[in-house]
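Report on the structure given below.
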Amino acid sequence: MSNTYGDWLKQQREAAGLTQGQLAERAIMTRSHIAHIEAGRRMPSKEDARRLDKALNTGNVLSSFLPQADDVSIADYFEAMLVLEQQALMIREFGLMSFPGILQTKAYASAVLSSAFPPVSEEECDRRVVTRLERARILEDPVTPVVWALLDETMLRRPVGGRNVMAEQIMHVVRLAESGRIRVHVMPFDVGLHPMMESMLTLMWFEDQPPLAYSEGLRLGKVHDSPSVVHELQSRYDLALSDALPLRESLALLRATAKEYGHRD
């Protein structure tokens, strides 16, 4: 999301003599949510924008110029997830056949998205890559969201984009984990069948709403908000995680795999 929107919101708030906390109270939001919108790290919902307009007496300006999903190139079924992902305080990812989107490098994302069927134009593919990289901006915040990644070893052995692309992608994840920005665990082949083999999964926790889950398969994605379903998916994740390699061993496997693809320290 362009930060023009966030900058304008900040200007109007300061012109009204309000702190982020005071505006949050008037708009029935949280201070951290206001801060994330102003910094360009979150996309406000339509209801957020309506309440902000009312709190700041800005008519319908914030609602009218609200960044729309049409400004980015995503699958229709991912639109709701795009907003939720930006608002989450904690995200736990499970990647089955490819690395989760927020962890992908430009080259890896390009290789994944260029394999779309039916084929898309080079221009559309580039737009999709940019959108995916924009999603990864949530990791620029050093603290929020907390991110755990559970990676099936299958994805490490599938050379998406070629050996150099894979080496770069794997080491990107290693560096994120070594810096403490994310926590990563690998589910090794020798575990055999495990509870997460049906599809990729994203679990999300928020400051001011119940946890949600998102699962995705072939041309199908769904946000799950039923408490019983979310709890079941959380339990599946926890059970699978208990069989995964510990952090140190996972990083060792990732480094060794990157070396096999040609990475040199």
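The values are calculated or read from the model by the stated rules, or taken from the named source; none is laboratory data. Computed from a predicted structure; not experimentally measured. Only protein heavy atoms, including side chains, enter the accessible area calculation; ligands, DNA and RNA are left aside. Shrake-Rupley method; radii C 1.70, N 1.55, O 1.52, S 1.80 Å.
Using heavy atoms of the protein chains and a probe of 1.4 Å, the accessible area assigned to His263 is about 50 Å². With Cα atoms defining each centre, the stretch 35-66 and the stretch 129-179 are spaced 31 Å apart in the structure.
Pairs of Cα atoms in the chain fall into 10 Å distance bins, from 0 up to the last occupied one, in shares of 7, 28, 33, 22, 9, 2, 0 percent. The equivalent ellipsoid that matches the C-alpha gyration tensor of the stretch 93-221 spans semi-axes of 22, 19, 17 angstrom, in descending order. Distances between placed amide hydrogens fall under 5 Å for Met90 paired with Val146, Trp205, all partners being 5 or more residues away or on another chain.
Most simply put, the chain has about 55% antiparallel DSSP beta bridges, counting only bridges with both residues inside it.
In the chain, helical runs assigned H by DSSP with n ≥ 4 each contribute -39500 (n - 2.57); averaged across all residues and rounded to the nearest 500, the mean residue ellipticity at 222 nm is -14000 deg cm²/dmol. Our coupling estimate for the stretch 258-265, obtained by passing each phi through the Karplus curve with A = 6.51, B = -1.76, C = 1.60 and θ = phi - 60°, is 4, 5, 4, 7, x, 5, 10, 5 Hz, Gly and Pro reported as x. Of the residues Asp53, Asp190, the one with the largest accessible area comes first in the ranking Asp190, Asp53, computed with a 1.4 Å probe on protein heavy atoms. For Arg92, what accessible area in Å² do you get when you roll a 1.4 Å probe over the heavy atoms of the protein chains, rounding to the nearest 10? Accessible surface of Arg92 is approximately 40 Å². Among beta bridges from DSSP that stay inside the stretch 141-265, the antiparallel ones total about 60%. Across the chain, the mean sequence separation of Cα contacts (distance under 8 Å, 6 or more residues apart), normalised by length, yields a relative contact order of 18 percent.
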